[in-house]
Amino acid sequence: MSDIGTECCRGMTETIAKVIKENRTRTLPEARPRDVRPFMDGDHICDIIGPRRAGKTYLMFLTMKELTRKVPKEAVIYLNLEDRRLLPLRGDCFNDLVAFIHQEGLMEGHGKVYLFLDEVQRVDGWERYIRSIHDEFKGRIKIFVSGSSAHLLGKECSRLLTGRHVTTQVFPLSFNEYLAFQGMDCGKGTRTEKEETLIKRHLKDYLLHGGFPEVVLAPGDKDLLISQLFSDIVARDILSRTDVRNKVAIDEFARFLGANVSNLLSFGKMARYFKSRGLKVSVPTLIRYFEHMKDAFLFFDHTIFSYSVRDRMQYPRKIYCVDTGLARTANPGPDEGWGPLCENAVAVDMLRRNERVNYWKARNGEEVDFILQRGKAILPVQVCYDLDRFGTKERETKALVRCMEEFKVKDCIVVNFDHEGKESIDGKRIAYVPLWKFLMGQFPKGWDKGAGG
């Protein structure tokens with residue numbers, strides 16, 4: 001290696017050492033407990049993924065705090081790979097990191113080192129270096145990595161880290177977590193009328209502004225924060241990481257999806273819409289744009305419930321946003337659209353719980369929002385805001401009964417804002433569950449386990 005190359009490597013090693021030591025001297029910011037926890041057992045690499053600003057870094061901080069109660073502070077290393085002092089980043093910066101660990105004698109002195117690498121995808125080829133470190137120092141270096149893109153677990157990463165990693169997904173706050181952030185008890189005991197009224201008030205705020213921690217805790221203009229967050233995700237996690245040329249089209253596409261959550265999306269119709277606006281965007285291009293948005297954890301989709309793979313591929317997808325606040329910022333008109341927001345909140349709750357979910361639609365157009373699958377059993381779930389609105393209850397239950405007849409099941413759930421009860425229609429049992437109870441995991445006894453025939 002040339003003298004210049006040697007000097008550069010020495011400089012990077014010294015920079016990494018300086019950053020690590022400065023991080024040790026800083027008091028970690030307060031991190032509120034979350035329901036999610038990274039995988040601590042064993043020697044697997046723990047990858048923490050999720051949308052920007054959902055709390056991945058603070059989950060790392062919370063984990064580090066818990067660790068330093070059991071192990072020396074020097075054995076816990078944190079690096080933010082977006083730190084300006086580390087730029088420009090090269091893959092061999094990980095070699096410099098290992099060199100620092102050796103120079104400090106951390107493995108010899110403490111037995112095991114805990115390594116936290118925030119926004120690791122900023123380093124090209126990080127997967128090979130992390131795999132090499134894991135394999136060489138297994139049992140002596142426990143690695144945690146985080147990222148704001150599903151590409152963190154792309155094909156190349158999955159191939160290289162197969163059997164070596166466990167994924168922890170961090171989403172915006174669940175409703176239980178939201179209530180805890182508001183200082184409320186989230187237990188499942190009997191609640192007073194006053195407590196239920198307060199919970200419903202919080203629920204409306206949760207639907208309108210979503211669950212991103214900084215938004216929930218913000219004392220001022222929440223809408224401004226959410227709007228900026230939406231723009232940041234599009235700009236930094238979609239446009240900056242793809243070869244997208246038509247930035248106007250992808251920004252408009254993202255806002256169109258946000259304004260139409262809980263609706264079916266036909267890419268063909270979307271292409272024709274863009275054509276009417278003077279923007280030429282093909283169906284394959286729109287599909288690629290949507291995949292980028294899914295990779296950035298901005299949107300996700302459900303396919304139709306069918307035993308035919310062809311049907312699942314051909315029928316329109318039902319689109320949801322990872323946060324109701326982000327969805328609403330794309331359509332902040334006077335009509336808040338409570339129904340779509342309620343359905344979106346249920347969809348995110350099911351995503352957070354890693355449920356197998358589809359939607360169902362009959363040939364005559366009747367639709368059931370969710371088909372929840374538990375093994376071979378299915379549970380139809382319908383979501384609406386106000387059952388008392390003219391024709392709403394009859395329309396929703398009619399579609400449910402038809403669905404249950406087709407799949408020969410006897411039980412279903414209607415999630416709505418505040419009505420609770422049970423009824424039977426033609427031998428089909430329907431449970432009406434308030435949205436706040438559903439989001440808090442308070443189902444009728446036995447229903448949370450799914451229902452069969």
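Quick look at the numbers
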read-out	value
Tally, over region 296-331, of residues that are out of contact with any helix residue (DSSP H, G or I) (no Cβ under 9 Å at 6 or more places or on another chain) and basic (Lys, Arg)	2
Subset tally (residues that are within 16 Å of the chain's Cα centre (by Cα) and not basic (Lys, Arg)) for region 15-51	8
Condition met for Ala259 (within 25 Å of the chain's Cα centre (by Cα) and farther than 21 Å from Asn344 by Cβ)	no
Hey, Arg69 on the phi < 0 side of the Ramachandran plot, assigned to a loop (DSSP other than H, G, I, E, B) and modelled with pLDDT under 90 or not	no
Matching entry among Lys393, Lys361 (being touching a residue at least 40 places away in the same chain (Cβ under 8 Å), surrounded by 15 or more Cβ atoms within 10 Å (Cβ to Cβ) and under 19 Å from Ser262 (Cα atoms))	Lys361
Exclusive hit being under 28 Å from Pro316 (Cα atoms) and loosely packed, with under 13 Cβ neighbours inside 10 Å, set Ala235, Ala254, Ala271	Ala235
Ala259 being surrounded by 16 or more Cβ atoms within 10 Å (Cβ to Cβ) and over 25 Å from Gly147 (Cα atoms)	yes
Residue within region 231-252 that is over 22 Å from Ser148 (Cα atoms), assigned to a helix (DSSP H, G or I) and among the aliphatic types (A, V, I, L, M) present	yes
Identity of the residue in region 437-453, surrounded by fewer than 20 Cβ atoms within 10 Å (Cβ to Cβ) and among the aromatic types (Phe, Trp, Tyr), that ends up modelled with the lowest pLDDT	Trp447
Residue tally, condition surrounded by fewer than 19 Cβ atoms within 10 Å (Cβ to Cβ) and not hydrophobic (A, V, I, L, M, F, W, C), over region 35-52	7
First in region 16-30 and closer than 16 Å to Leu81 by Cβ, second anywhere and charged (D, E, K, R) and part of a loop (DSSP other than H, G, I, E, B), Cβ under 8 Å, 6 or more apart	Val19/Asp83
Residue pairs meeting the criteria (Cβ under 7 Å; at least 6 apart or on separate chains; first more than 13 Å from Arg328 (Cα to Cα), in region 220-237; second among the aliphatic types (A, V, I, L, M) and outside any helix (DSSP H, G or I))	Ile233/Ala296; Ile233/Leu298; Asp237/Ala296
Residue count, region 179-188 (criterion: within 14 Å of Pro213 (Cβ to Cβ) and out of contact with any Pro (no Cβ under 9 Å at 6 or more places or on another chain))	2
Residue count, region 411-433 (criterion: without any contact (Cβ under 8 Å) to a residue 40 or more places away in the chain and closer than 15 Å to Tyr206 by Cα)	0
Meets criteria (loosely packed, with under 14 Cβ neighbours inside 10 Å, of a type outside the set (Ser, Thr, Tyr) and either farther than 21 Å from Phe290 by Cβ or in the same structural domain as Arg34 (by TED's automatic domain parsing) (or both)) for Leu208	no
Tally of residues being free of Cβ contacts under 8 Å to residues at least 40 places away in the same chain and either under 26 Å from the mean Cα position of the chain (by Cα) or surrounded by 19 or more Cβ atoms within 10 Å (Cβ to Cβ) (or both) across region 55-90	6
The lone exception for Glu291 - which of (1) more than 23 Å from Phe417 (Cα to Cα); (2) in contact (Cβ under 8 Å) with a residue 40 or more places away in the chain; (3) of a type in the set (Asp, Glu) it fails	(2)
Region 186-220: number of residues that are under 13 Å from Gly325 (Cα atoms) and not aliphatic (A, V, I, L, M)	9
Residues of region 72-106 classified as not in a helix (DSSP H, G or I) and not hydrophobic (A, V, I, L, M, F, W, C), total	11
Residue check, Glu127 in a helix (DSSP H, G or I) and out of contact with any Asp or Glu (no Cβ under 8 Å at 6 or more places or on another chain)	no
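The values are calculated or read from the model by the stated rules, or taken from the named source; none is laboratory data. None of the values given here were measured: they were computed from a predicted structure. Cβ coordinates were reconstructed from backbone atoms using ideal geometry, including for glycine residues, and neighbour counts include every protein chain displayed.
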